[in-house]
1. If packing is taken as the average number of other Cβ atoms within 10 Å across a peptide's residues, how do A:170-178, B:92-100 rank, most packed first?
2. What net charge is computed for the residues neighbouring A:Lys72, neighbours being all others with C-beta under 14 Å from the C-beta of A:Lys72, Lys and Arg scored +1, Asp and Glu -1?
3. Just the Cα atoms of the protein assembly as shown: what Rg and Dmax do they give in Å?
4. Along the Cα-to-Cβ line of B:Asp4, 7 Å from the Cα, sits a label point; which residues in region B:181-203 have backbone N less than 13 Å from it?
5. Which order do the peptides B:119-131, B:29-41 take when ranked by the mean count of other beta-carbon atoms within 10 Å per residue, highest first?
6. Around A:Asn164, what is the net charge, scoring Lys/Arg as +1 and Asp/Glu as -1 over all other residues with Cβ under 12 Å from its Cβ?
7. Mind putting together the pair-distance distribution for region B:54-100? All Cα pairs, 10 Å bins, whole percent per bin, short to long.
8. So for chain A, considering every pair of alpha-carbon atoms, how many percent are separated by more than 34 Å?
Amino acid sequence: MNKVFNNAIEATADIKNGATIMLGGFGLNGIPENCIAALVKHNVLDLTCISNNAGVDDFGLGLLLQTKQIKKMISSYVGENALFEKQLLSGELEVDLVPQGTLATSIQMAAMGIPAYFTPAGVGTEIAIGKEVREFDGKMYLMEKAIHADFAIVKAWKGDKAGNLVFRKATRNFSTSMAKAGNITIVEVEHLLEPGAIDPDEVDVAGVYVHRIFQGGNYQKRIERRTTKI
Amino acid sequence: MALDKFGIAKRIAKELKDGMYVNLGIGIPTLVANYIPQDITVVFQSENGILGMGPYPEEAAIDADLINAGKETVTVIPGGAFFDSAESFGMIRAGKIDLTVLGAMEVSEQGDIANWKIPGKMVKGMGGAMDLVASAKNIIVAMMHTNPKGESKLLPQCSLPLTGVGCVKRVVTELAVLSITPNGFQLLERAPGVTVEEIIAKTAGKLIVPEFVPEMDI
């Protein structure tokens, strides 16, 4: 069983028009930069992208918005990307805005084989329209369904050739859940290692979830707000 | 004299108690971290997966992998922890976070809050706000008393799309500290030098005014 690919272009080569893709990261933190660039190169169209944010105008998922490769976004916050907000308001882009916790949990539920669950987030608001509402112990909850995707594309700090992944600091965010939820999970790593180099105690995402892994490179790791001690 | 945003943050910091786990929203709420009383310890949770969020780093210590929910570079204090978003919102929904401070565009006299959408004009998304307001034991709103047009933001009913229903406990503005009761807003304190009359004039929702309204002690 060989999960190792040479690069992003090869690892994403079979993604077709109309695919649903989960992309890890929070803002520009921990995003799969190489795969996003590869998707632009492949010019795959009519994508449904599930990602907490939409990058910024000229980086991250913003690159796929610029080239109009995205038909629909499922996100919780798109405020950092003016182009996104413009395409949303003009109706050019279909957008499902989902509470961040609901988005993370729906993806996690897919990873856990659970089809639906109940959450208090959004009860009494416009996002509750059309959803089942149920009471448990005197409190109201909305039923939300698991979110699945054809592909989950994430970036990890370290990964071994068996697909085990280790994440660094705040880059876990949506990536750990997405890696476990994707029908096909593609991972780019900063350090690709031999099995045995990562201690089983250290593993954040076990190799069973990962189908394709490759050594990434040339990470820009852009910072949106470079705040320092005054 | 009405407070500025730092004054609002300073007053909210007085609500912090030793050992609290606290989530601070973007905007004015983040300033609360600058005014923690010296004699207590508070742990800040950042919804993107940090417990023990610390102050902004020195230039040399900036790490692109370590940002807060507002996408700013931060540090983590000794005893901190990292986890993923599913776990972060799990701990929020399970009530492990003692206090949430967030901004708002409107608050109603029943404690409804609107802070994520102005239809046709501003649709940035709700982020973690709906989860936070549906789950926190204690929610304090930090906001200006009126909007840029001078209209009251403390209303009988919210006109903007809601973030949450009946969830706000306390509001701190540049003019006042108010609580939400079954009978509407209750005026608890006024900013130093600000009159009760001004607060009444700028509050459109039902406002209960006790005989004596002390000044904020900040």
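1. Working: A:170-178: 30.7, B:92-100: 18.8.
The most tightly packed comes first, giving A:170-178, B:92-100.
2. Details: positive: A:Lys68, A:Lys71; negative: A:Asp46, A:Glu92, A:Glu94, A:Asp96, A:Asp150.
Local charge sum for A:Lys72: -3.
3. 22.6, 78
4. Flagged as within label range: none.
5. On the way: B:119-131: 21.2, B:29-41: 15.4.
The most tightly packed comes first, giving B:119-131, B:29-41.
6. Working: positive: A:Lys3, A:Lys158, A:Lys161; negative: A:Asp160, A:Glu194, A:Asp199, A:Asp201, A:Glu202, A:Asp204.
Result for the local shell: -3.
7. Taking every Cα pair in region B:54-100, the percentages come to 22, 49, 25, 4.
8. Values: 3979 of 26335 pairs.
Percentage above 34 Å: 15.
The values are calculated or read from the model by the stated rules, or taken from the named source; none is laboratory data. Keep in mind that this is a model prediction, so the values were computed, not measured. Cβ coordinates were reconstructed from backbone atoms using ideal geometry, including for glycine residues, and neighbour counts include every protein chain displayed. Accessible surface areas use protein heavy atoms only, side chains included; no ligands, DNA or RNA. Shrake-Rupley method; radii C 1.70, N 1.55, O 1.52, S 1.80 Å.
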